[in-house]
Amino acid sequence: NPKTIHLAPGVYSKSLNNQQFFINMRSYVHLKGAGMDLSVIDGENEFNLIMSAYNCNNFKISDLTMCNTPGPTAAIYVYSSEGIELQQIKFDNLRQGMMTYLTRNRYFNPNSVFKAKDLIFQNGSVICSGVGQGIIIFQIK
């Protein structure tokens, strides 16, 4: 059964409340903020990525803002995972993009589920602009 983690309204950052990133996602977990402009995860241009998902399946992230990551990866780093859903997320001031997706397979599995709905990119955020940025699928051997 999926579990939901409710993220209360507020700004989560190292300087304000000693938050340490990256967040390790788990399979069958929904990280749900209080609203796109209410729950803010701020990398403060110090953390290369905010969230990591390694071999995770069927997870969802929604109703929050991710901001201020300097790179070289992306706000969300995904490795060999399926069933990903992103909804109602604002990406603000991300220098290297929204998500890097790595897979062990040569080609992305067309039966895999990746859903993205109501995403906002602003203030220099990149959706996709080259290797290691945006949504990129790499072959891993």
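Just so it is clear, none of the values below were taken in a lab; they were calculated from the coordinates. None of these values were measured; they are calculated from a predicted model. Note that we place each Cβ from the backbone using ideal geometry, even for glycine, and neighbour counts take in every protein chain shown.
Key figures for this structure:
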| quantity | calculated |
| --- | --- |
| Cα gyration tensor shape for the stretch 1-62, rounded if a/c is under 1.5, else prolate or oblate | oblate |
| Summed side-chain charge close to Glu85 - residues other than Glu85 whose Cβ falls under 14 Å, Lys, Arg +1, Asp, Glu -1 | +1 |
